[in-house]
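Computed from the coordinates by the stated procedures, all read-outs in this text should not be read as laboratory data. If you're wondering where the values come from, they're calculated on a predicted model, not measured in any experiment. Neighbour counts run over all protein chains shown; Cβ positions are idealised from the backbone, glycine included.
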Amino acid sequence: MAERLDGTAALITGASSGIGEATARTLALHGAAVALAARRKDRLDALVEEIEGTGARALAIEADVTVRAQAAGAVEETVAEFGRLDTLFNNAGVMLLGPAEDAPIEEWDRMVDLNVKGLLYAAHAALPHLLAAAEDGPRRVADLVNTSSVAGRRPRAGSAVYNLTKFGVGAFSESLRQEVTGRHVRVSLVEPGAVATELSSHLREEIRERALERFAGVERLEAEDIADAVAYIVTRPRRVAVNEMLVRPTAQEN
């Protein structure tokens, strides 16, 4: 049975669109105060206004988590505003597919910087607060949820560095889980399949066309479907840890 998140605070990175935006709404509906971190402040401000209109508390934080000081600053601003941090949804990421041969090295840098280093910076800054929340809070449990992907389980040609980053997220998550689970900080991995978000819009045109062809005829997931998965993970009773959740469209074969 789902538990309410009243009296808790959550920080969502990559909250200005897609899965992050949908998850911010969903966690707020479950009672959490939500801090929304991303680079596009205008979108965050609009989302905060919407969430506060429902009676929930929300905070917009303009931050680029690939900059360590800004990632740490987002955590500290959340704690300063809400007094605690019970949930970190490490969601900011980018998917830049294409053959490794002659690939723009800048794309590889972007993926490593955001999908790996940004996630690590936010996790490192949040961990002391999550451990404290698990010791002294309304639920006596805290959650660190990292966004991976089907690509974190299955390598594909044309996805080498994206696969690398998402496999790395999985390895980091499991190792960290073993360190902190005895102190009631749950580390979880949500692994979406094809989702109708802005993610594919960052692809080079010829790569984007190929990706769209791959999923022609497949009804892709909506961002809200993954938000529901995240909410399921973090609303379990203290005794229950959902360590991995793979969510694919019904018609997606791999």
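Extension gain, E213 to R110, is 34.6 nm, computed as 0.36 nm per intervening residue step minus the present C-alpha separation. Helix-only arithmetic for the chain: the sum of -39500 (n - 2.57) across DSSP H runs with n ≥ 4, divided by the residue total, places the mean residue ellipticity at 222 nm at -13500 deg cm²/dmol.
With θ taken as phi - 60° and the Karplus curve 6.51 cos²θ - 1.76 cosθ + 1.60 applied, the whole-hertz 3J(HN,Hα) list for the range 22-28 is 5, 5, 4, 4, 5, 5, 5 Hz, x standing for glycine and proline. Using Cβ point charges alone (K and R +1, D and E -1), the dipole size of the range 109-153 about the Cα centre works out to roughly 160 debye. Ellipsoid fit via the Cα gyration tensor, the range 132-254: semi-axes of 31, 16, 11 Å, each the root of five times an eigenvalue, largest first. Find how much the distance from E253 to H124 grows on full extension, using 0.36 nm per residue of separation minus their present alpha carbon separation; answer in nm with one decimal. In short, 42.9 nm is gained.
Based on the reciprocal of the average 1/r between different C-alpha atoms, the Kirkwood radius for the chain equals 18.1 Å. The simple spin-label model puts a point 7 Å past each Cα toward its Cβ; for A157 and T181 those points are separated by 3.7 nm. Dividing the alpha-carbon radius of gyration of the range 1-102 by the rule-of-thumb value 2.2 N^0.38 Å gives 1.12.
Computed 3J(HN,Hα) for the range 135-144, one whole-Hz value per residue from the Karplus formula 6.51 cos²θ - 1.76 cosθ + 1.60 where θ = phi - 60°, is 7, 9, x, x, 10, 6, 7, 9, 9, 10, glycine and proline marked x. Whole-Hz Karplus values for the range 81-87 come out as 7, 9, x, 5, 9, 9, 9 Hz, taken residue by residue from phi with 6.51 cos²θ - 1.76 cosθ + 1.60 and θ = phi - 60°; glycine and proline positions read x.
Each Lys and Arg Cβ is given +1 and each Asp and Glu Cβ -1; about its Cα centre, the chain then shows a dipole of about 840 debye.
Over the range 40-158, consider all pairs of different Cα atoms and compute the Kirkwood hydrodynamic radius from their mean reciprocal separation; express it in Å, one decimal. About 16.2 Å for the range 40-158. Centre-to-centre, using Cα atoms only, the range 211-234 and the range 240-254 are separated by 10 Å. Of the trypsin sites (Lys or Arg not before Pro) found in the range 138-170, the ones in coil according to DSSP and having at most 16 other Cβ atoms within 10 Å of their Cβ are R140, R153, R156.
Amide H contacts for L11 (H built 1.01 Å from N in the peptide plane; partners 5 or more residues away or on another chain; cut-off under 5 Å): A35, T87, L88, F89. Qualifying GluC sites (Glu not before Pro) in the range 14-103, where qualification requires a DSSP coil assignment and no more than 13 other C-beta atoms within 10 Å, comprise E101. Taking Lys and Arg as +1 and Asp and Glu as -1, the other residues whose beta-carbon sits under 11 Å from that of A227 total -4. Distances between every pair of Cα atoms in the range 89-158, grouped in 10 Å steps from 0 to the bin holding the largest one, split as 17, 38, 25, 13, 6, 0 percent.
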